[in-house]
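What follows is calculated from the coordinates using simple rules that are stated; it is not laboratory data. The shown structure was predicted, so the numbers you read here are calculated from the model rather than taken from an experiment. As a convention, Cβ positions derive from the backbone with ideal geometry for all residues, glycine included, and neighbour counts pool all protein chains shown.
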Amino acid sequence: MEYRAIGGSTVVTPNLCFGGNVFGWTADEKQSFLLLDALRDAGLNFLDTADLYSRWASGNSGGESEIIIGHWLRSRGGRDRIVIATKVGADMGDGGAGLSARYIKEAVEASLMRLGTDYIDLYQSHFDDLGVPLEETLGAYDDLVRAGKVRAIGASNYTAQRFAEALDCSERHGLVRYAAFQPHYNLVERSNYEAEAADLCARSGIGVLPFASLANGFLTGKYRRLSDLADRPRESSVAPYFNERGIAVLAALDKIGTRYAASPATIAIAWLMTKPAIHAPIVSATSISQIADLVNATELALDSEAVRLLDRASG
């Protein structure tokens, strides 16, 4: 995948992105370093984080994930071999939020400092801000790209209509254009993205980076009954998938996994990669052993029969 930015600079990413929301939350700095080393050694060098991560964890104030990545980069070197995506706009709890030009330019400096770098490969609007004109937001990004602080921009959690309006705004005003779209999309969360955004992204040449690609762990197959969720950090976000459709998806993943000698997680990610415009599903892990599933997914090409079975089970 290529993100093209003003000035001819190009950012090339692999076909899998590691979600850095776990850094400073379910993985402390020591474990995060082990995960980052394992990813690098496996050839996976695309990291997705946000200034918000992980403010929700006890004792955190936000920025912890970026700080850990920054410490790791300073310790290991090789910044030019790592693709970093981060986000702006979420409520940081200190009065900072939104997509005004003033706030974006303040927030990017804070992210650059935490990451210990002088540029961000992909800077993304974390949430839409209906109170700020699109032209103002995109103008701020345009300035950052021209200054070399950002190479390309993307948007997360936008409706298809607003994303289309943003693309049109860039075209009309000659401003940097969103190159990536980050929707909630996986085998058990299909309707919102597929209804309108999928076609828009395919027609517009947008790279899609679906988040929660494994449905917060449900699609790994490690949760088979509600009791498996006891005392888990993501209990409330996984429980809704324990319905007839969710169980059918797990059964299909098991069946195809047996045929391919692959885990449910590997199959679920490989399914995403068969869809138009999907360039880099975002996935997370908290243990080194889970990295193998991610690597296997990049090497597995599902046949049409497997894709149809998963489509039917999850439709």
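Annotations for the structure displayed:
- Database remark: amide H of Val176 closer than 5 angstrom to the amide H of Asp142 (H placed geometrically; neighbours at sequence offset of 5 or more, or on other chains; Pro and chain starts carry no H).
- Residues Cys17, Cys201, sorted so that the one with the fewest Cβ neighbours within 10 Å comes first: Cys201, Cys17
- What the phi angles of the range 121-131 give under the Karplus curve with 6.51, -1.76 and 1.60, with θ = phi - 60°, is a coupling list of 5, 9, 9, 10, 6, 5, 9, 5, 10, 5, x Hz, glycine and proline written as x.
- If R0 is 25 Å, the Cβ-Cβ spacing of Asp311 and His184 corresponds to a FRET efficiency of close to 0.85.
- Stretch gain in nm, segment Glu194-Thr274, where the contour uses 0.36 nm per residue and the Cα spacing is subtracted: 27.4 nm
- Taking θ as phi - 60° and the Karplus parameters 6.51, -1.76 and 1.60, the scalar couplings of the range 303-314 work out to 7, 5, 5, 5, 4, 4, 4, 5, 4, 5, 5, 9 Hz in sequence order, x denoting glycine and proline.
- Estimated FRET transfer efficiency when R0 is 25 angstrom, pair Arg79-Arg146 (beta carbons, to 0.05): 0.75
- Helix 288-299 and the longest principal axis of the Cα set of the chain meet at an angle near 90°.
- DSSP beta bridge pairing in the chain, given as percent antiparallel to the nearest 5: 15
- With the simple spin-label model, which puts each label point 7 Å out from Cα in the Cβ direction, the Leu34 to Ser237 separation comes to 2.2 nm.
- Size of charge dipole - the chain - debye, nearest 20, with Cβ of Lys, Arg +1 and Asp, Glu -1, no other charges: 560
- Structure-based [θ]222 nm, the chain - -39500 (n - 2.57) summed over DSSP H runs of at least 4, per residue, nearest 500: -12500 deg cm²/dmol
- By average C-beta atoms within 10 angstrom, highest first, the peptides 49-57, 83-91, 112-120, 301-309: 83-91, 49-57, 112-120, 301-309
- Share, in percent, of DSSP beta bridges within the range 2-182 that are antiparallel, nearest 5: 15
- Scoring 19-26, 255-262 by mean Cβ neighbours within 10 Å over their residues and listing the highest first yields 19-26, 255-262.
- For Ser54, distant residues with modelled amide H under 5 Å away: Gly62, Gly63, Glu64, Ser65
- Dividing the C-alpha radius of gyration of the range 167-315 by 2.2 N^0.38 Å, with N its residue count, gives 1.11.
- Amide proton proximity set for Val150, modelled H, under 5 Å, gap of 5+: Ile120, Val145
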